[in-house]
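Engineer: Quick one: this structure, given as structure tokens, is what I'll be asking you about.
The values are calculated or read from the model by the stated rules, or taken from the named source; none is laboratory data. These figures come from a predicted structure and were not determined experimentally. Quick reminder, even Gly has a Cβ in these numbers, built from the backbone with ideal geometry, and neighbours come from all protein chains shown. Accessible surface is based on the protein model in full, side chains and every heavy atom, while ligands, DNA and RNA are left aside. Shrake-Rupley method; radii C 1.70, N 1.55, O 1.52, S 1.80 Å.
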Amino acid sequence: MNIRIGNGYDIHQLSFDRRLILGGVEIPHDRGLLGHSDADVLTHAIIDAMLGALSLGDIGLYFPPTDPQWKGADSLVLLAKVNQLIRDRGWQIGNIDSVVVAERPKLKPHIQQMRSRLAEVLEVQPEQIGIKATTNEKLGPVGREEGIAAYAVVLLQQG
């Protein structure tokens with residue numbers, strides 16, 4: 001069996017005039033993430049991990065922030081496009097493991113819904129997607145609640 005692994009990272013600034021979307025789920029919060037698309041850092045980190053596993057570049061190569069067609073884009077649409085890209089090359093997701101780093105809001109109540117949304121788009125079982133949430137212990141920009149970050153690792157299998 002041929003396997004490849006990729007990792008991804010994303011961080012976006014929090015802003016009072018935006019909705020908070022993580023893993024395709026809108027989460028109640030007083031601020032959301034600022035970005036050209038919906039700024040879903042979790043989905044963006046997963047996209048970068050998928051692309052990285054096959055040495056296909058990064059999210060900005062396929063969905064540049066300078067392109068007006070991606071303004072306000074639903075990151076799950078971008079994820080579906082990248083999933084099709086890897087499938088067209090004969091690969092499929094074995095599993096994903098990820099971490100969202102945020103001081104607030106508490107994400108635990110939303111993790112199962114995020115796993116389900118991502119699994120639906122990626123055409124895998126929710127059990128193939130791990131999502132953990134942690135804080136930055138009040139350190140750095142995430143700790144000061146200036147932003148939210150996410151890390152992801154994906155294992156791709158050929159065939």
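Engineer: Would you be able to tell me the number of residues in region 143-159 that are touching an Asp or Glu at 6+ places or on another chain (Cβ under 9 Å) and closer than 17 Å to VAL100 by Cβ?
Structural biologist: First, pick out the residues of region 143-159 that are touching an Asp or Glu at 6+ places or on another chain (Cβ under 9 Å): 143-145, 148-155.
Retained after the next criterion (residues that are closer than 17 Å to VAL100 by Cβ): 143-145, 148-154.
Matching residues across region 143-159 total 10.
Engineer: Continuing with this model, one more query. Just give me the residues in region 35-64 being open to solvent by 10 Å² or more (accessible area, probe 1.4 Å), at pLDDT 95 or above and closer than 17 Å to VAL142 by Cβ, in sequence order.
Structural biologist: HIS44
Engineer: Return the residues of region 139-150 that are in a helix (DSSP H, G or I) and surrounded by fewer than 18 Cβ atoms within 10 Å (Cβ to Cβ); say none if nothing qualifies. Spell out the reasoning first.
Structural biologist: Kept after step one, since they are in a helix (DSSP H, G or I), are these residues of region 139-150: 140-143.
Scanning region 139-150 gives GLY140, PRO141, GLY143.
Engineer: Now a separate question. Looking at this structure, is ASP67 farther than 27 Å from LEU14 by Cα, open to solvent by 30 Å² or more (accessible area, probe 1.4 Å) and without any contact (Cβ under 8 Å) to a residue 24 or more places away in the chain?
Structural biologist: Details: farther than 27 Å from LEU14 by Cα: no; open to solvent by 30 Å² or more (accessible area, probe 1.4 Å): yes; without any contact (Cβ under 8 Å) to a residue 24 or more places away in the chain: yes.
For ASP67, the condition - farther than 27 Å from LEU14 by Cα, open to solvent by 30 Å² or more (accessible area, probe 1.4 Å) and without any contact (Cβ under 8 Å) to a residue 24 or more places away in the chain - is not met.
Engineer: I've got another one for you. Inspect all residues belonging to region 81-101 and state whether any of them is open to solvent by less than 80 Å² (accessible area, probe 1.4 Å), in contact (Cβ under 8 Å) with a residue 24 or more places away in the chain, over 18 Å from GLY23 (Cα atoms) and part of a helix (DSSP H, G or I).
Structural biologist: yes
Engineer: Quickly run through region 52-69 and pick out the residues that are among the hydrophobic types (A, V, I, L, M, F, W, C), part of a helix (DSSP H, G or I) and out of contact with any His (no Cβ under 6 Å at 6 or more places or on another chain). Outline the logic, then answer.
Structural biologist: Pass one, region 52-69, residues among the hydrophobic types (A, V, I, L, M, F, W, C): 53-54, 56, 59, 61, 63.
Next cut, part of a helix (DSSP H, G or I) only: 53, 59, 61.
Across region 52-69, the qualifying residues are ALA53, LEU61.
Engineer: Select from region 1-19 the residues that are within 14 Å of the chain's Cα centre (by Cα), open to solvent by 100 Å² or more (accessible area, probe 1.4 Å) and either of a type in the set (Gly, Ala, Ser) or within 18 Å of MET114 (Cβ to Cβ) (or both) and list them in ascending order. Break it down into steps so the answer makes sense when it comes.
Structural biologist: Step one: filter region 1-19 for residues within 14 Å of the chain's Cα centre (by Cα), giving 6-12.
Remaining after also requiring open to solvent by 100 Å² or more (accessible area, probe 1.4 Å): 7, 9.
Within region 1-19, TYR9 is the sole residue that qualifies.
Engineer: Answer yes or no as to whether LEU22 is surrounded by fewer than 23 Cβ atoms within 10 Å (Cβ to Cβ) and modelled with pLDDT of 95 or more.
Structural biologist: Details: surrounded by fewer than 23 Cβ atoms within 10 Å (Cβ to Cβ): no; modelled with pLDDT of 95 or more: yes.
Against the criterion (surrounded by fewer than 23 Cβ atoms within 10 Å (Cβ to Cβ) and modelled with pLDDT of 95 or more), LEU22 does not qualify.
Engineer: Return yes or no: is LYS106 basic (Lys, Arg) and over 17 Å from the mean Cα position of the chain (by Cα)? It would help to see each step written out before you state the result.
Structural biologist: Values: basic (Lys, Arg): yes; over 17 Å from the mean Cα position of the chain (by Cα): yes.
Answer is yes for this residue.
Engineer: Hey, another quick one. Determine whether ARG104 is part of a loop (DSSP other than H, G, I, E, B), farther than 15 Å from GLY35 by Cβ and out of contact with any strand residue (DSSP E or B) (no Cβ under 8 Å at 6 or more places or on another chain). Don't jump to the end; show me each part of the working.
Structural biologist: Working: part of a loop (DSSP other than H, G, I, E, B): yes; farther than 15 Å from GLY35 by Cβ: yes; out of contact with any strand residue (DSSP E or B) (no Cβ under 8 Å at 6 or more places or on another chain): yes.
Yes: the conditions hold for ARG104.
Engineer: What's the total number of residues in region 120-138 that are part of a loop (DSSP other than H, G, I, E, B) and within 16 Å of the chain's Cα centre (by Cα)?
Structural biologist: Start the filter on region 120-138 by keeping residues that are part of a loop (DSSP other than H, G, I, E, B), which leaves 123-125, 135-138.
When the remaining residues are screened for being within 16 Å of the chain's Cα centre (by Cα), the result is 123-124.
The total comes to 2.
Engineer: Identify, from the list HIS44, HIS29, HIS12, the residue that is closer than 25 Å to ALA133 by Cβ, of a type outside the set (A, V, I, L, M, F, W, C) and in a strand (DSSP E or B). So that I can check it myself, show each step before the final result.
Structural biologist: On the way: HIS44 fails: in a strand (DSSP E or B); HIS29 fails: in a strand (DSSP E or B).
So the residue among HIS44, HIS29, HIS12 that is closer than 25 Å to ALA133 by Cβ, of a type outside the set (A, V, I, L, M, F, W, C) and in a strand (DSSP E or B) is HIS12.
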